[in-house]
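Only the coordinates and a few stated rules stand behind these numbers; no lab work does. Since the structure is predicted, the reported quantities are computational estimates derived from the model, not experimental observations. Here the Cβ is made from the backbone with ideal geometry for all residues, glycine too, and neighbour counts use every protein chain on show.
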Amino acid sequence: MNQQEFIRVVMNPVRQRIIQYLILHEEGTAASFKEELNDIPTASLYRHIKVLYEAGCIEVIRECRKRGTVEKTYALVKQPLGEGDRKSVEGLIQSALFSLMASFTGYFADEGNDFRKDMLSLTTSTLLLTDEEYMEMTGKIGAVFNEYIYNKPEEGRRPRRITFISSPCEEEQE
């Protein structure tokens with residue numbers, strides 16, 4: 001599987017929620033996913049689990065016999081495609097950015113979408129930070145995310161993609 005296919009797999013909102021579940025809980029079964037992600041139809045959930053498994057994002061770490069069937073316990077693969085060398089990381093980031101761009105292109109192609117109502121936003125800031133200040137700031141951002149990451153589906157809640165990108169700034173030429 002190439003990097004574009006890998007990004008297509010992991011950028012799907014349902015699959016991101018399964019991955020997020022595994023990040024939070026370290027492992028899970030289809031039943032435990034269904035319990036927490038109860039707004040996703042069962043057949044769809046199984047299909048997304050299969051896609052993640054076949055893409056090498058998740059692996060079966062345990063199998064248990066239960067009432068005539070086998071219950072599989074899944075976990076994230078420790079080093080999925082794209083981690084490691086510089087070229088892989090570069091390609092992964094570029095593919096992810098192209099995927100985001102494609103999502104926005106699709107969003108704006110639908111004249112019925114209302115970016116104000118949907119609370120679409122973008123902000124960019126350049127901050128002067130030491131490594132320690134940067135780590136402190138990202139820790140605080142992580143704490144804010146943790147306040148909401150366990151939210152369960154309910155009336156009025158809908159998936160929102162939040163992308164946080166940190167990159168060095170270009171040096172200004174004088």
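For region 1-50, the set of GluC sites (Glu not before Pro) satisfying both a DSSP loop assignment and a count of at most 13 other C-beta atoms within 10 Å is given as 26. Ranking 146, 43, 6 by Cα position along the charge dipole of the chain, where only Lys, Arg, Asp and Glu carry charges on their C-beta atoms, puts 43 farthest toward the positive end. Starting from one equal scatterer on each C-alpha and no solvent at all, send me the Debye-based log10 I(q)/I(0) for region 45-143 at q = 0.16, 0.18, 0.25 Å⁻¹, two decimals. Debye intensities relative to I(0), on a log10 scale: -1.11, -1.15, -1.21. Per the Kirkwood formula applied to alpha carbons, region 3-76 shows a radius of gyration over Rh ratio, Rg over Rh, of 0.96.
Per residue, the convex hull spanned by the alpha carbons of the chain comes to 182 Å³. With 31 Å as the limit, write out which pairs from 50/117; 87/117; 66/140; 117/152; 72/152; 50/87 have Cα-Cα distances beyond it, or answer none. Pairs exceeding 31 Å: 50/117; 87/117; 66/140.
Using the Cβ-Cβ distance between residue 103 and residue 44 with R0 = 25 Å, the FRET efficiency computed as 1/(1 + (r/R0)^6) comes to roughly 0.85. Taking other Cβ atoms within 10 Å as a rough exposure proxy, 137, 11, 119 sort from fewest to most as 119, 137, 11.
If you average the sequence gap of Cα pairs under 8 Å that are 6 or more apart and divide by the length of region 3-76, what percent do you get for the contact order? Walk me through the numbers before you get to the answer.
Numbers: 73 pairs, mean separation 25.6, N = 74.
In percent, rounded to a whole number, it is 35.
Viscosity 1.567 mPa s, temperature 4 °C: what is the translational diffusion coefficient of region 21-61 from Stokes-Einstein with a Kirkwood Rh over Cα pairs, rounded to a whole number of µm²/s? Can you show the working numbers first?
Numbers: Rh = 10.5 Å.
My calculation gives 123 µm²/s for D.
Take each uninterrupted DSSP H stretch in the chain, measure its Cα extent along the helix axis, and return the ones at 15 Å or beyond whose mean Kyte-Doolittle hydropathy is at least 0.0. Helices meeting the span and hydropathy rule in the chain are 13-25, 86-109. Taking the number of Cβ atoms within 10 Å of each Cβ as an exposure proxy, the fewest-first ranking of 105, 29, 42 is 105, 42, 29.
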